[in-house]
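Since every read-out is calculated from the coordinates, none of them should be taken as a lab result. Note that this is a predicted model, so its numbers are computed, not measured. So basically every Cβ, Gly included, is an ideal-geometry build from the backbone, and we count neighbours across all protein chains shown.
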Amino acid sequence: MFRPLAFAFVAASLLLASCSKEGGSQPDASAPAAKVKLGFLVKQPEEPWFQLEWQFADEAAKKLGFDLVKIGTPDGEKVLSAIDNLAAQGAQGFIICTPDTTLGPAIVARAKAKNLKLLAVDDRFLGADGKPMEDVHYLGISAGKIGQSVGVALFAEQLKRGWQTDETGVLAVTFDELATARERTDGAIEALTSAGFPANRIFKAATQKPEIPAALDATNALLTQHGDVKQWLVCGPNDNCVLGAVRALEGRGFGADSVVAIGINGTDCIIELEKQNPTGFYSSVLLSAKQHGYQTCEMLYHWIKDGVEPPFDTRTTGVLINRGNFKQVLKEQGITH
Ligand code: FCA
């Protein structure tokens, strides 16, 4: 027998139940949580260092189960449009190595406007007062200490080779507009002078950009003024700056017997160390791309998902690699398999 009243009651309660579900007034434990989406913006996507950061970020995305959007942002305009783009895609935050540290305040403002959390990696934001923005979460290298280890190693190689100081020069490729770069070369120079290397035999070649062609040009300009130097010790902010110097020195007949060059990154020099015949590029400080790519993602992910705010300032170290140990160390660090 059909009972209209009972039917109306059941239908009405079903309707109510579905309304309350859609209105969200009742928490629904069975609904899947929205997937976290993070951006990873880098200033020089062509540099192996940044490719490796991305590789480790991909590993973190897979392990933790978030979506990763990788964007190359070589200038300020690209950074701002990348932030807008991430927000439009529903991302909750991003990690960034900015193409210019003075963009810091503009990046922070745009991220805030779009409700995105951010973590700066490698290159620390500068405020309008030219000081580091200490209220922006940052993970970078212990630049001064790493630079010092380069200086100590260069001095040891000079002694080992028995090169006379009055015939030897230090060539420091510098990029002083970037604090982490300046601290690295300052550290190397400080270690060399405190070991006893004369400051007046240390020459700086300021590069326009931290990359091979610009460093090569800067070194060429410097070498024309120092034709009397017979052996060179070379340092710089990263592998590519040092490689540029090594190529310029080769152009003037300086090779493995008269050059000891030590880089930083340890990622952009792998092809160099794999060359059958040694070049002037002697070794590098391998930085921890895993911490810069994987750990930064992990920090941002937990901040967004679990409300665990990362520390404001995290610093990483490096390990010296050369032709003798690089294959082993790269394997140990999960860079090669
Ligand atoms: C800077 C340099 C990179 C890398 C990174 C850790 O961004 O430009 O090559 O050394 O710091």
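When you check T174 against the structure, is it away from the ligand (no atom under 16 Å from the Cβ) and out of contact with any Cys (no Cβ under 6 Å at 6 or more places or on another chain), yes or no? First the steps, then the outcome.
On the way: away from the ligand (no atom under 16 Å from the Cβ): no; out of contact with any Cys (no Cβ under 6 Å at 6 or more places or on another chain): yes.
No; evaluated as a whole, the condition is false for this residue.
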Exercise for review: Pick out the one residue from Y282, Y301 that is aromatic (F, W, Y) and closer than 19 Å to V152 by Cβ.
Suggested key: Y282
Point to revise | Of all residues making up segment 107-143, the number that are among the small types (G, A, S) and within 16 Å of the ligand (Cβ to nearest atom) | key: 4
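Looking at the structure I just gave you, is A188 touching a helix residue (DSSP H, G or I) at 6+ places or on another chain (Cβ under 7 Å) and within 16 Å of the ligand (Cβ to nearest atom)? So that I can check it myself, show each step before the final result.
Numbers: touching a helix residue (DSSP H, G or I) at 6+ places or on another chain (Cβ under 7 Å): yes; within 16 Å of the ligand (Cβ to nearest atom): yes.
Yes.
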Revision key, fill the gap. Among (1) surrounded by fewer than 20 Cβ atoms within 10 Å (Cβ to Cβ); (2) closer than 23 Å to V152 by Cβ; (3) in contact (Cβ under 8 Å) with a residue 12 or more places away in the chain, R252 falls short only on (2)
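Condition check: buried (at least 20 other Cβ atoms within 10 Å of the Cβ) and touching a helix residue (DSSP H, G or I) at 6+ places or on another chain (Cβ under 6 Å). Does A181 satisfy that?
Numbers: buried (at least 20 other Cβ atoms within 10 Å of the Cβ): yes; touching a helix residue (DSSP H, G or I) at 6+ places or on another chain (Cβ under 6 Å): no.
Against the criterion (buried (at least 20 other Cβ atoms within 10 Å of the Cβ) and touching a helix residue (DSSP H, G or I) at 6+ places or on another chain (Cβ under 6 Å)), A181 does not qualify.
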Review point. Restricting attention to segment 216-223, does a residue exist that is free of Cβ contacts under 8 Å to residues at least 24 places away in the same chain and in a loop (DSSP other than H, G, I, E, B)?
Key: no
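Among residues belonging to segment 191-215 that are closer than 27 Å to E46 by Cα and in a helix (DSSP H, G or I), point out the one that is farthest from the ligand (Cβ to nearest atom). Walk me through it before giving the result.
The first filter runs over segment 191-215 and keeps only residues closer than 27 Å to E46 by Cα, leaving 204-215.
Subsequent filtering for residues that are in a helix (DSSP H, G or I) retains 212-215.
Values: I212: 12, P213: 15, A214: 12, A215: 12 Å.
Filtering first and then ranking leaves P213.
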Practice item. Return yes when I107 is buried (at least 19 other Cβ atoms within 10 Å of the Cβ), touching a residue at least 60 places away in the same chain (Cβ under 8 Å) and of a type outside the set (G, A, S) and no when it is not. Key: no
Check your understanding: Inside segment 46-99, can you point out the residues that are within 21 Å of E298 (Cα to Cα), outside any strand (DSSP E or B) and within 16 Å of the ligand (Cβ to nearest atom)?
Key -> W49, F50, Q51, L52, E53, W54, Q55, F56, A57, C97, T98
Practice item. Please list, ordered by first then second residue, the pairs with beta carbon atoms under 9 Å, 6 or more apart or interchain, first in segment 296-308 and more than 20 Å from W54 (Cα to Cα), second of a type outside the set (S, T, N, Q). Key: K305/A33; K305/V36; K305/L64; K305/F66; V308/M299; V308/H302
